[in-house]
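Reading through the structure tokens given below for one structure.
Laboratory data are not the source of any read-out in this text; all were calculated from the coordinates shown. Just so it is clear, the structure is predicted and the values come from calculations on it, not from any experiment. Here the Cβ positions follow ideal geometry from the backbone for every residue, glycine too, while neighbour counts run over all protein chains shown.
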Amino acid sequence: MSAVRVHNFSISLDGFGTGDGQALDAPFGHAGERLHEWMFATRFWHETGAAGVDHVFAARHEQGIGAEIMGAGKFGPPGWQDDPDWRGWWGDTPVFRSPVFVLTHRPRPSIEMGGGTTYHFLDASPAEALAVAREAAGGLDVRVGGGATVIRDFLAAGLVDHLHVVQVPILLGRGVRLWDGLEALEETYTIEAVSTPSGVTHLTFTRV
């Protein structure tokens, strides 16, 4: 059976995966781009970036993925469901190049984009969404892309096989936290930590 994976999900030292005040001009709220500066410096992000350890971890995001699941807050700012023309943050040719399943309580018709991405909108539980995504993935793995609430729900349901979290040395103080309600998560995963010169720590959780 295909694996369920999370990659490159950045959190602050106090566990926030996004800041407070998400808006059209602030996809990560008051956090701005600070959670992802480590990735922007890698070759994974642009050709002139560094090819060190951060790049190696970041590039695993792409390998063997056949479908993605994301939450409504990753697809757009608050209120996007009221805009029938909203087509996601990523322009006409999104980066996913696969079926993407957006979890929302207000589904809409699917949207076919350039480059192989098609957005589908589901009002479904994590297990139900995963069943649909696995069928669409054609035997490849399914990536849970975020945000923090969706990843937390999939972890709480015991559905994540591989979790890659990047702890960034900043304090946000408010926003949406990843770890709430996941006490004793370490009992079902082996955990490895790798610190890099950029100052981030890559935490990988692999299901026992």
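Taking the listed residues Asp141, Asp123, the one that is crowded, with 17+ Cβ neighbours inside 10 Å and over 17 Å from Ser10 (Cβ atoms) is Asp141, with no other qualifying. Among residues that are more than 15 Å from the chain's Cα centre (by Cα), surrounded by 21 or more Cβ atoms within 10 Å (Cβ to Cβ) and touching a residue at least 60 places away in the same chain (Cβ under 8 Å), Ala31 is included. State the number of residues belonging to region 44-71 that are of a type in the set (Val, Ile, Thr) and surrounded by 18 or more Cβ atoms within 10 Å (Cβ to Cβ). Going through region 44-71 one residue at a time, the tally reaches 2. The sole residue among Arg152, Arg97, Arg177 that is of a type in the set (Lys, Arg), in contact with a strand residue (DSSP E or B) (Cβ under 6 Å, 6 or more places away or on another chain) and under 29 Å from Glu33 (Cβ atoms) is Arg177.
Tell me, which residue of region 99-120 that is within 18 Å of the chain's Cα centre (by Cα) and over 22 Å from Thr149 (Cβ atoms) is surrounded by the most Cβ atoms within 10 Å (Cβ to Cβ)? If we take residues in region 99-120 being within 18 Å of the chain's Cα centre (by Cα) and over 22 Å from Thr149 (Cβ atoms), then Thr117 is surrounded by the most Cβ atoms within 10 Å (Cβ to Cβ). Summed over region 149-184, the residues that are crowded, with 16+ Cβ neighbours inside 10 Å and either free of Cβ contacts under 8 Å to residues at least 40 places away in the same chain or closer than 17 Å to His61 by Cα (or both) give a count of 12. Of all residues in region 53-111, those satisfying the criterion of being in contact (Cβ under 8 Å) with a residue 40 or more places away in the chain, of a type in the set (A, V, I, L, M, F, W, C) and farther than 16 Å from Phe121 by Cβ are Val53, Phe57, Ala58, Ile65.
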